[in-house]
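Worksheet for the structure shown next.
The values are calculated or read from the model by the stated rules, or taken from the named source; none is laboratory data. Predicted model, so just to flag it, every value in this text is computed and none were measured. Here the Cβ positions follow ideal geometry from the backbone for every residue, glycine too, while neighbour counts run over all protein chains shown.
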Amino acid sequence: MMMHSTVFPSYRDIGPIVLSLQTAAIVLVSHIVFSISLGYLLSRKKMPFRSLLDGLVTLPLVFPPIATGFLLLLILGRHGVIGPFLSAKGIEIIFSPMGVYLAAFLSGLPLVVKPVQSATENTETSFAEASYVLGKSEIVTFLQVTLPNIKQVVLAGLMLSVGRSFGEVGITLMLGGNISGRTETMSLAIYNAVFEGNFEKALVFSGLLALISILAFYGMNRLKG
């Protein structure tokens, strides 16, 4: 099937690619900073409210994304629990790119946190104990001893979470709103293109997402090797 010039005639059509790439970059940095740290904290048995926090982190894996997005809308919306406070501070999450970033981050959160938590709990303790004997703190031991030993697990989780960000739809619909030219990601662009009858455009976006999935699969196999 021959592609014609209307496949990507303007920024309106390239915008979903740009937004999805921006989202993936922000999600990657966010997981490196927050999710790895959270995985480490959850591996500490004496952490206060550990079970509650563990359950919240796991929620995106078992709770329907659209329902998760709805609950977040009730919390973060302009008339939600903390939405008015955020609006007063000039922070707009709902129906903004920030909502898209947050949706992608939360959907991939357990894909990084849970492997890091499990790997940290099961890593060789003799190395950590030796580090403590040398006077290193728990945090320094985690960064210099434990983290290098579980780097393959961390990298795999980061790959999965970034790949998940490209395919996230349910939470994004609620927080981002699927606004053309503003919060329309590649996955949402496929739905919109099919709804409009522009199957060529949907095919292009599907091909790009397929390429990303293949690259993620290749990267996982390389780590496994």
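Out of SER51, SER37, one residue alone is assigned to a helix (DSSP H, G or I) and either of a type outside the set (Gly, Ala, Ser) or at pLDDT 90 or above (or both). It is SER37. Of all residues in the stretch 63-115, count the ones that are β-branched (Val, Ile, Thr), over 18 Å from GLU184 (Cβ atoms), in a helix (DSSP H, G or I) and over 15 Å from the mean Cα position of the chain (by Cα). Qualifying residue count, the stretch 63-115: 1.
Residues in the stretch 158-169 that are outside any helix (DSSP H, G or I) and either surrounded by 21 or more Cβ atoms within 10 Å (Cβ to Cβ) or touching a strand residue (DSSP E or B) at 6+ places or on another chain (Cβ under 8 Å) (or both): GLU168 alone.
Hey, any hits in the stretch 147-157 for a residue that's buried (at least 18 other Cβ atoms within 10 Å of the Cβ) and among the polar types (S, T, N, Q)? No: zero hits. Residues that are under 27 Å from LYS114 (Cβ atoms), in contact (Cβ under 8 Å) with a residue 40 or more places away in the chain and aliphatic (A, V, I, L, M) within the stretch 68-100 comprise LEU72, LEU73, LEU76, ILE93, VAL100, listed in sequence order. So, in the stretch 74-124, of the ones that are among the β-branched types (Val, Ile, Thr) and buried (at least 21 other Cβ atoms within 10 Å of the Cβ), which residue ends up modelled with the lowest pLDDT? Filtering first and then ranking leaves THR120. Taken across the stretch 143-153, residues that are at pLDDT below 85, over 20 Å from SER30 (Cα atoms), more than 22 Å from the chain's Cα centre (by Cα) and not in a helix (DSSP H, G or I) do not occur at all. Scanning the stretch 174-189 for residues that are surrounded by fewer than 22 Cβ atoms within 10 Å (Cβ to Cβ) and more than 15 Å from LEU21 (Cα to Cα) yields GLY177, ASN178, ILE179, SER180.
Within the stretch 170-225, being free of Cβ contacts under 8 Å to residues at least 24 places away in the same chain, outside any helix (DSSP H, G or I) and under 20 Å from the mean Cα position of the chain (by Cα) holds for one residue alone: ASN178.
Criterion first (touching a residue at least 12 places away in the same chain (Cβ under 8 Å) and within 20 Å of GLU184 (Cα to Cα)) does LEU42 satisfy it?
Numbers: touching a residue at least 12 places away in the same chain (Cβ under 8 Å): yes; within 20 Å of GLU184 (Cα to Cα): no.
Considered against the rule, which asks whether it is touching a residue at least 12 places away in the same chain (Cβ under 8 Å) and within 20 Å of GLU184 (Cα to Cα), LEU42 comes out as no.
Each row is one residue, and each column tells you yes or no for (1) at pLDDT 90 or above; (2) surrounded by 17 or more Cβ atoms within 10 Å (Cβ to Cβ).
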{"site": "THR172", "(1), (2)": "yes, yes"}
{"site": "GLY197", "(1), (2)": "yes, no"}
{"site": "ALA210", "(1), (2)": "yes, no"}
{"site": "LYS224", "(1), (2)": "no, no"}
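The residue list PRO60, PRO16 contains one member that is under 15 Å from the mean Cα position of the chain (by Cα), modelled with pLDDT under 95, over 18 Å from ALA156 (Cα atoms) and part of a helix (DSSP H, G or I), which is PRO60.
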